[in-house]
Amino acid sequence: MIVEPLSISHTEIVNDFLLLNWGDGTDSMIELKQLRNQCPCANCAGEKDALGNLYIGPEQTKTTDSYLIQRLEKVGHYALRPYWQDGHHSGIYSFEMLRILGENLIGE
Ligand SMILES: [Zn+2]
């Protein structure tokens, strides 16, 4: 069986939500707050060293700006990088991750 790679045909920010139209015709809506709280970057999600120790950067004080997206950048054909209003933009969200977030399988 051939599994089609995920693709996104359209993205839009509507109020507090990121709207995604997938190449397979389905839609996802992700709350921006949830998206930011799940930021996968090394600072927010932590980084493991060779021994498996987890290092997490200092927790950032989040403001309302932290949950607003200035713009979205496509990273290759597999991920999106949001530029948050508070200047944070190191989180690269793979399509797989966005798909899971859109299905609300990850708690807040
Ligand atoms: Zn982050």
*Please sort 60-67, 94-101 by packing, taking for each peptide the average over its residues of neighbouring beta carbons within 10 angstrom, highest first.*
94-101, 60-67
*asked:* Helix-only estimate, please: 222 nm mean residue ellipticity of the chain, summing -39500 (n - 2.57) across DSSP H runs of length 4 or more and dividing by its residues, to the nearest 500.
replied: -4000 deg cm²/dmol
*What is the Cα convex hull volume of the chain when expressed per residue in Å³?*
132
*asked:* What aspartates and glutamates does LYS33 reach when the alpha-carbon gap must be under 17 Å and sequence neighbours fewer than 8 apart in one chain are set aside?
replied: GLU12, ASP16, GLU59, ASP65, ASP86, GLU103, GLU108
_Charge tally in the Cβ shell below 13 Å around THR26, where Lys, Arg are +1 and Asp, Glu are -1, THR26 excluded_ = -3
*When the chain is modelled as a GNM with alpha-carbon springs shorter than 10 Å, which of ILE69, ILE30, ILE56 fluctuates the most?*
ILE56
*ALA42: net charge of surrounding residues, Cβ under 13 Å, Lys/Arg +1, Asp/Glu -1, itself excluded?*
-1
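Lys and Arg at +1, Asp and Glu at -1: add these up for the other residues within a Cβ distance under 15 Å of PRO5 and post the number.
On the way: positive: LYS74, ARG99; negative: GLU4, ASP24, GLU96.
Summing Lys and Arg as +1 and Asp and Glu as -1 gives -1.
Where a number appears in this text, it was derived from the coordinates with a stated rule and is not lab data. For clarity, every value in this text was computed on a predicted model and none was experimentally measured. Quick reminder, even Gly has a Cβ in these numbers, built from the backbone with ideal geometry, and neighbours come from all protein chains shown.
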